[in-house]
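Note sheet for the following structure.
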Amino acid sequence: MVRFMSDDDERRPGPPHQSARPTQAVVLAGGQGSRLRPYTDDRPKPMVEIPGTGTPIIGHQLAWLAAEGVTDAVVSCGHLAAVLQDWLETADLPLRVRTVVEKEPLGRGGGLKFAAARLPEPDQPWYATNGDIWTRFSLRDMADFHDERGATATLALARPRIPWGAVETNEFGHVLDFIESPPSPYLINAGVYVFSAAFTALLPDRGDHERTTFPRLARERRLAGFPLPQGAYWRAIDTAKDLTEAAKELASGPAPQGHGSFDTAPVPHG
């Protein structure tokens, strides 16, 4: 069992390494998850279990991070932080985990910077992920993509399926076809990131990095986008419907052609 560390533990930097692939990560787990009520009335959003797995969302995330070479994670807590900390203390974790708790709201960018300050190797690159994402793809490939482009920050990009049926028409307004849950024509931020060590200093102390740091890096061509590979599984757990759909996908084996999934990738099992 890997030791869980609270924010009060003394930071002990690990041995330096030269790999461009991060071995440390931040998980943002402080949201209230109001759209997931009543599940989040007594637990933070990342502690909600995917039906049929017996494991909370964050448990799947930490297992995935460890499988991708991450040895240390900092979990940023907020809403009902003690519930998450208690689970981490007793869980059989596949990597070292410490938690931090914001004493006052810092915004997404400020919260990310606050958590990153507790990473064991501040001069090395790091991953970050939103605490409500359930996904499987190669983080190592994403890190290589980030390194090859000399980016300061790289976002994973998803193309989820639209949850409604689409209607195809011709130039005369005649209906040609009905398409059930087609892929979105737009890529979206998938909530998974690779950051170079220098990125931390660019984050605001308070506020939203997606309105400040990311636009600046985009103008300077230092922000890259990594499209999730064909067949990758990705889903954001935002509502009770997402939980239901995730459970259906899990029970059916291969992920169906549903909202948030890609092709027919196997659904992850923790």
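Considering region 69-105 alone, what residues qualify as being assigned to a loop (DSSP other than H, G, I, E, B), more than 13 Å from V27 (Cβ to Cβ) and either in contact with a His (Cβ under 8 Å, 6 or more places away or on another chain) or open to solvent by 30 Å² or more (accessible area, probe 1.4 Å) (or both)? Selection gives T71, H79, L80, D92, P94, E102, K103, E104, P105.
Would you check if F137 is surrounded by 21 or more Cβ atoms within 10 Å (Cβ to Cβ), over 21 Å from A232 (Cβ atoms) and among the hydrophobic types (A, V, I, L, M, F, W, C)?
Details: surrounded by 21 or more Cβ atoms within 10 Å (Cβ to Cβ): yes; over 21 Å from A232 (Cβ atoms): no; among the hydrophobic types (A, V, I, L, M, F, W, C): yes.
Here the answer is no, as F137 does not meet what is asked.
Only one entry of L187, L176 meets the criterion of being in contact (Cβ under 8 Å) with a residue 12 or more places away in the chain, open to solvent by 70 Å² or more (accessible area, probe 1.4 Å), farther than 14 Å from A25 by Cβ and not acidic (D, E), and that entry is L187. Considering region 106-128 alone, what residues qualify as being open to solvent by 10 Å² or more (accessible area, probe 1.4 Å) and either in a loop (DSSP other than H, G, I, E, B) or closer than 18 Å to L155 by Cα (or both)? Listed by number, the residues that qualify are L106, R108, K113, A117, R118, P120, E121, P122, D123, Q124, P125.
Please go through region 209-237 and give me each residue that is in a loop (DSSP other than H, G, I, E, B) and buried (at least 16 other Cβ atoms within 10 Å of the Cβ), ordered by number.
The initial filter retains those residues of region 209-237 that are in a loop (DSSP other than H, G, I, E, B), namely 209-212, 220-222, 228-232, 237.
Passing the criteria: H209, R222, L228, A232, I237.
Here A246 passes the criteria (1) open to solvent by less than 30 Å² (accessible area, probe 1.4 Å); (2) part of a loop (DSSP other than H, G, I, E, B); (3) at pLDDT below 90 except the one numbered (2). For region 41-68, a residue qualifies if it is in a strand (DSSP E or B) and without any contact (Cβ under 8 Å) to a residue 24 or more places away in the chain, and exactly one does: E49.
The values are calculated or read from the model by the stated rules, or taken from the named source; none is laboratory data. Please read all numbers here as calculations on a predicted model, not as lab measurements. Methodologically, a virtual Cβ is constructed for each residue, glycine included, from the backbone with ideal geometry; neighbour enumeration extends over all protein chains shown. We work out accessible area using only protein heavy atoms, side chains counted, and drop any ligands, DNA or RNA first. Shrake-Rupley method; radii C 1.70, N 1.55, O 1.52, S 1.80 Å.
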